[in-house]
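Below is one structure, written out as structure tokens; the observations come after it.
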Amino acid sequence: MNIEITGRHIEITPPIREHVQKRVNKFTKLVGGECDFHFVLTVEKHRQIAEGVLNTRHGTFTATEESKDLYASIGTVVEKLEKQIRRFKDRRKDIARGTGKEELHERLLHHSITDLGSPAVLAENPQVVELALNPRPMAVDEAILELRELGGSFVVFYNAQSEQINVLYRRSDGNFGLIRP
């Protein structure tokens, strides 16, 4: 595991470096392979900001936290990254078992395409195919990860920060768009 620590407006002292390394070492077992960890610590007046980026062979995981205590920010970032990795691994297990959302999306797409019939029937008698969703709470970053993992065109989710239903979609230029009410 490669650990890189960058300080902005702060000198990275040996105790800070040891604290970060101690907290990050558990990712080797969790990820199960080679990974690169980049930590950026920033100090701005009364704000202590910690940003963590974990690059693995499965993808990139990022987290940011801001507080008055640098060590608390570091701990929270590590917890957020750990949560993202555990969620990612659980989704991979679900897909491997055949219980994942990808299988559900495929069935729904196949069902809606076969039910609609020929284009002539569509023009005369359009049908509306309803899809009942139970969006789960997540951050926008998590929705992007889910959209990339499942390879769909959109994700409907309950934004934990704004406490509203949002839609994240893949744009034709390769970027993502977010629809908020």
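The values are calculated or read from the model by the stated rules, or taken from the named source; none is laboratory data. Note that the structure is a prediction, hence the values are computed from the model and not measured. Ideal geometry is used to build each Cβ from the backbone, glycine not excepted, and the neighbour counts take in all protein chains shown.
Might you check whether a residue that is β-branched (Val, Ile, Thr), in contact (Cβ under 8 Å) with a residue 40 or more places away in the chain and surrounded by 14 or more Cβ atoms within 10 Å (Cβ to Cβ) occurs anywhere in the range 34-48? No: the range 34-48 contains no residue that is β-branched (Val, Ile, Thr), in contact (Cβ under 8 Å) with a residue 40 or more places away in the chain and surrounded by 14 or more Cβ atoms within 10 Å (Cβ to Cβ).
Checked against (1) at positive phi; (2) modelled with pLDDT under 80, GLU163 meets all criteria but (2).
The set of residues in the range 11-54 that are in a helix (DSSP H, G or I) and β-branched (Val, Ile, Thr) comprises ILE16, VAL20, VAL24, THR28, VAL31. Take the residues in the range 23-60 that are acidic (Asp, Glu) and closer than 13 Å to ILE5 by Cα, then tell me which one is farthest from the chain's Cα centre (by Cα). So, considering only residues that are acidic (Asp, Glu) and closer than 13 Å to ILE5 by Cα, the one farthest from the chain's Cα centre (by Cα) is ASP36. Number of residues in the range 6-58 that are of a type in the set (Gly, Ala, Ser) and within 15 Å of GLU82 (Cβ to Cβ): the value is 3.
Which residues, taken from the range 125-181, are assigned to a loop (DSSP other than H, G, I, E, B) and either among the acidic types (Asp, Glu) or under 18 Å from ALA63 (Cβ atoms) (or both)?
First, pick out the residues of the range 125-181 that are assigned to a loop (DSSP other than H, G, I, E, B): 125-136, 139, 151-153, 160-163, 171-175, 180-181.
Result: GLU130, ALA139, ALA160, GLN161, GLU163, ASP173.
Within the bounds of the range 58-68, is there any residue that is over 26 Å from ARG136 (Cβ atoms), of a type outside the set (Gly, Ala, Ser) and not assigned by TED's automatic domain parsing to the domain that holds LEU150? Yes: the range 58-68 contains one or more residues that are over 26 Å from ARG136 (Cβ atoms), of a type outside the set (Gly, Ala, Ser) and not assigned by TED's automatic domain parsing to the domain that holds LEU150. Does the range 77-89 contain any residue that is touching a strand residue (DSSP E or B) at 6+ places or on another chain (Cβ under 8 Å) and polar (S, T, N, Q)? Looking for residues that are touching a strand residue (DSSP E or B) at 6+ places or on another chain (Cβ under 8 Å) and polar (S, T, N, Q), one finds at least one in the range 77-89, hence yes. Checking the range 12-27 against the condition returns a match, with at least one residue being surrounded by fewer than 16 Cβ atoms within 10 Å (Cβ to Cβ) and within 30 Å of LEU150 (Cβ to Cβ).
Filter the range 55-85 down to residues that are in a strand (DSSP E or B) and surrounded by 18 or more Cβ atoms within 10 Å (Cβ to Cβ), then give me how many there are. Outline the logic, then answer.
Going residue by residue through the range 55-85, those that are in a strand (DSSP E or B) are 55-56, 59-67.
Okay, now just the ones that are also surrounded by 18 or more Cβ atoms within 10 Å (Cβ to Cβ), so 56, 61, 63, 65.
Total meeting the criteria: 4.
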